[in-house]
Structures are given as C-alpha cells and as structure tokens.
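What follows is a set of notes on a single structure, which appears directly below.
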2 protein chains.
Amino acid sequence: MLKTDQWFTEIFAASGSVFGLEITKKLDEVQSPFQHIELFETTQFGNMMVIDSVIMLSTRDNFLYHEMLSHPVLFTHPNPQQVVIIGGGDCGTLREVLKHPIAQVTQIDIDEQVTRMAEKYFPELCASNNDPRATLKFADGIAFMRDAAPESLDVVIVDSTDPIGPGEGLFNRAFYESCLKALKPGGILVQQSESPLIHMPLLKAMREAMTDAGFAALQTLQFPQMVYPSGWWTCTLARKDAQFDGFRVEAAAQAPFNTEYYNAGIHQAAMALPNFVLREFGLK
Amino acid sequence: MLKTDQWFTEIFAASGSVFGLEITKKLDEVQSPFQHIELFETTQFGNMMVIDSVIMLSTRDNFLYHEMLSHPVLFTHPNPQQVVIIGGGDCGTLREVLKHPIAQVTQIDIDEQVTRMAEKYFPELCASNNDPRATLKFADGIAFMRDAAPESLDVVIVDSTDPIGPGEGLFNRAFYESCLKALKPGGILVQQSESPLIHMPLLKAMREAMTDAGFAALQTLQFPQMVYPSGWWTCTLARKDAQFDGFRVEAAAQAPFNTEYYNAGIHQAAMALPNFVLREFGLK
C-alpha cells in the first residue's frame, strides 16, 4: 500500500493511470506568477521538478526528452544557425542545442522561477547557460513568435508544458502561423507532442493545426520517457516549404559530443511509426 | 490523492517508482498451486491480469509486448517451423505466432489457471488456441526444455514472469544450455529481458548467461510497454551457431496479417540501441 508521504504520485485522468516516484523529502517550492513549482529529492531518480502537480523532469531520465527534442531537428536541418527555444526553462534542451555549431540560440520561457529552480536543483542542465551564443529571456513565447522578424530563424523548438495552463496557446494554428512566418525557407519547427498511446486525439489535432498553418511536411518521432504518461512520448517536426528527406546521418554518426540516448541509429528508429499510428495519421 | 480502492498500484522497488491503473471492480481471483492470480476491470485499459501483485497485461496495451516477442524472432529465422513457447499462459504470444506459416507450436506454461483466466477475460488472445498446429501443455518449462529432443526446434520463445517465483529458473545458464541443445543449427531463443532504464544489471546478466551457455550471437530489441516498470521494455534474441544478419524485411513488409505495433520499420527501429545501452553492452 502506498504511504502517501513517501511518494509523489501524479494521476493521468486521460488514461486512468497513475505514476509516481518515491521521495525522501521536498527540497523547495515556489508560487510564481504563473504556476506552482515544487522540487523533490527522490530515492532513485535524483531530483524531480513538479509544476502544478505535473511531473516535469527527473535527474535520471530527462536526457531522453531533452536529447530527442534537440538533436533530431538539428541534424535534420541542413545548416541550423539561428535557433529559438520556446519554454524549456529547465535549460536541458538549451544545453543539448549548444553542443551543435549554431550561431545563436534564444530561450524564451514565461516563468523565470523555473530557471532559477533548475539552476539550483539541476545545475548540470544549466552548465551552458553562460555560453556567449545563448540568450535567456523570460517573456511570453506566443508574443515573442508573433513579433519575430519574418524569415529570421532556422529552427524553433517548442519545449512546453502540456496544453493546459501557460502552455495552452502553444498548441494552435495561430501560434504555428507565427512560427511559420518567422522561419526561413526550409526552416523547421519541433514540438513535444504527447503520448501516441493515450493522447492520439491531441497529437492528431496538433498535426492538423500545423498543416492548416501552412507547414509543408510533418514528421512525428517516438521515444521512451518514463516520467510522462504511458512512458512513451513523441515530438513532431514541421518543415516550411519543403519535404523531409532524411537527416544528416554522417554528421549524426560522427557527432563530436556525448549523448546518452541519441545516435544516428536511434534517430532513424524514432522515425519508424507503429501500424496503429500510421493508420491514425492516414499513412497506411 | 489516491483512493486506494479505486486503483491497483504496483510498487517497483528496484526503481523507487509506482504505476497503477484506475479500476472499477475486481472480476475474479484464484490461488493456483503456483501463484495468486487476480483480474480487474479498469476504467480505460480494459481488463487487467495481476499475478502475485505484479501487473501482467491489460487488454489495451498487451499488443506491444506480444507482437514484439513473436514477430521479430519469426522474421529473423529464415524458415521457422517448430516453435516452443515457455510460459505465455495468457496465449497472446501464441496467437501472434500462429499468424505465421509455422508447422507446429507448443506452449508450456506451468500454471493452467493463467490460461483459464485468459480464456475468460482475454478471449481475443485465446482465439487461436484451437488451431490444429497448436498444443497447450501445462507443465514445467524448465523440465520440458531439459528433456526436449536435441536439434528439434527452430525457435524458443520465453514469455515468462520476472526472474522471481516460478519464472526464476528461466533466467540462468543451465536453462539456456537446455534451449541451445534443443535448437537446430541457426535456431533462435528469444526472451523478455526487462527494462533498459532500470534493470540493466539483470539484462546484462541474462546476456552473459546466454553467451556462457554457448549462443553465438545476441540481439536486444527495445519497445514501449506501458504497464511494465519504466514503460520501456526489451527482449533479447540469442542465435545458435550463427551471427545475425538482419531479418526477412520483404516478408515482414508484406506480412499477410494485421498487427497494431509491429511492421518492418518498427523491427529495424527496435534493433537500434541508445548510447548508454551500447556502452553497457561493451559495443561502443
């Protein structure tokens, strides 16, 4: 039986399932203007950040999500130089992006407190925050993309919370139209797109909204992510003006940096979709 | 907060994590000579079987595991005819095996009650049990393999519970030596091999025991499986006398039967291993 003071559990209403980690103590908590942020020490997954009762990341398994939100898109774009991260306040995606020879990356998270907590409890994820190529802004990502100079960006990474609360406006056609306008020809948007097993309606709605906004091609990638509902997650790439034709396999295979999950084979593998997903997408 | 009468939760001690499904009622339970079997109706995952407090399968997501334990090995072997399933009492693996043009498959589960419960609460998994090519035995799989005629089998599928309780003897060198002897040259053993994220010591020990027993080549495949610890699972193929050189891609691509997860692309993808796994296996 669960002794609830030893566990942080999150109920996933959409799937009638629950997941939790055993905790030794609450490390911190803060009510920001936007959300309630809690930090726990777990027995086996290092530290854990929880926002509005939803598990965001743990020390032990965040590499899966952060690597898959950054390396596939950056090895798919032929020459990514100007990168924007919307959300991503824990700085884990930023760290991965900065492993690439990009010119500039701007991270726009609405909530400075997420980054302040990450600096304290996930310092390894913030290790590259002072890279001269990186700019951290704490502002509204929706407004930022609306006001971005047309055709100024190569890659936009949407590393947001779920489509409720502050993240809600990042999952609709208007936002995708802003992204499309801000991308250079051939530019790519990538966004975390929930679980193929339990969020299929949302995943399909995102893909439809991206297409409706005018993106020329979509590619949904799958990967494991233990602390998210079902343990199985996706991100979706959307390309402006052009179809996808593979990725820079050689560059990925010879990447001069270390990763825990990503490699060229894993990238290829992530593009393979199960039959039930192909059927849902109308691809089979 | 969890109201415990609405949830069946399983604590994974090895990872300090907990997973559960919301239940509407307990459907059945039986104490067999070997284990305690419970059946629940869940709100969103159909029926669920629990053995000795460990979640075995749900109606909604068992296709992942059953397809991945059967189709990859059968499309890797050049001409599988004689197949044995050790364990597998819910008959889900058997159903998938019988989609292939094999000559004969024998399933040996120690506990007849697992199959009786599956017939009642997972009838779709038992739909092929009367296929004339299928034989269901309720006996000790360890003894069955020890006594099997040498070089009589093409494929042995070990679809067992975890390496505690009745399943324990299925994860060691002596058992693998029995399997090796019973396989024809080029024959393949496949076994579920736990989570790469949280059971790495066990997975490595299995691979070592398979090698020590004399198997010539190993191949670990990864796939999602929501109701098992971490939601990320593996199976490991071990081949007698020969290296692996891919699989029958064309046959897999043109399979004349339906699957929900498996296809040729997914098979290829399952063989891609993350960097941390490659390092653990000494392959990188």
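The values are calculated or read from the model by the stated rules, or taken from the named source; none is laboratory data. Remember, it's a predicted structure, so these values are computed and weren't measured experimentally. Cβ placement follows ideal geometry from the backbone for every residue including glycine, while neighbour counts extend to all protein chains displayed. Quick note on the areas: whole protein, heavy atoms, side chains included, nothing else; ligands and nucleic acids left out. Shrake-Rupley method; radii C 1.70, N 1.55, O 1.52, S 1.80 Å.
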message = Kindly evaluate B:F215 against the criterion of being under 18 Å from the mean Cα position of the chain (by Cα) and surrounded by 21 or more Cβ atoms within 10 Å (Cβ to Cβ).
response = no
remark   = Of the candidates B:M49, B:M56, the one satisfying the condition of being under 19 Å from B:F223 (Cβ atoms) and more than 14 Å from chain A (Cβ to nearest Cβ) is B:M56
ask   = Residues A:E96, A:E41, A:E10: which one is within 19 Å of the chain's Cα centre (by Cα), within 14 Å of chain B (Cβ to nearest Cβ) and of a type in the set (D, E, K, R)?
value = A:E96
request  = Identify all residues within segment B:1-52 that are at pLDDT below 95, of a type in the set (S, T, Y) and more than 21 Å from A:M226 (Cβ to Cβ); write none if there are none.
outcome  = B:T4
note = Flagged in segment A:1-49 as aliphatic (A, V, I, L, M) and touching a His at 6+ places or on another chain (Cβ under 9 Å), in numbering order, are A:A14, A:V30
request  = Report yes if some residue within segment A:14-26 is more than 30 Å from A:V190 (Cα to Cα) and away from chain B (no Cβ under 14 Å); otherwise report no.
outcome  = yes
inquiry  = For segment B:180-194, which positions are open to solvent by less than 40 Å² (accessible area, probe 1.4 Å) and free of Cβ contacts under 8 Å to residues at least 40 places away in the same chain?
reply    = none
ask   = If the Cβ limit is 6 Å and pairs must be 6+ apart or interchain, which residue in segment B:237-265 that is of a type in the set (G, A, S) pairs with which residue that is open to solvent by 40 Å² or more (accessible area, probe 1.4 Å) and assigned to a helix (DSSP H, G or I)?
value = B:A264/B:V249; B:A264/B:A253
task = Name every residue in segment A:155-168 that is open to solvent by 20 Å² or more (accessible area, probe 1.4 Å) and of a type outside the set (S, T, Y), in order of residue number.
result = A:D162, A:P163, A:I164, A:G165, A:P166, A:E168
request  = Assess whether A:I108 counts as being in the same structural domain as A:P166 (by TED's automatic domain parsing) and not small (G, A, S).
outcome  = yes
task = Taking the options A:L237, A:L197, name whichever one is open to solvent by 10 Å² or more (accessible area, probe 1.4 Å) and of a type outside the set (G, A, S).
result = A:L197
query = Does B:T93 satisfy being surrounded by 24 or more Cβ atoms within 10 Å (Cβ to Cβ) and among the hydroxyl-bearing types (S, T, Y)?
reply = yes
note = Exception for A:K26 within (1) under 20 Å from the mean Cα position of the chain (by Cα); (2) surrounded by fewer than 19 Cβ atoms within 10 Å (Cβ to Cβ) falls at (1)
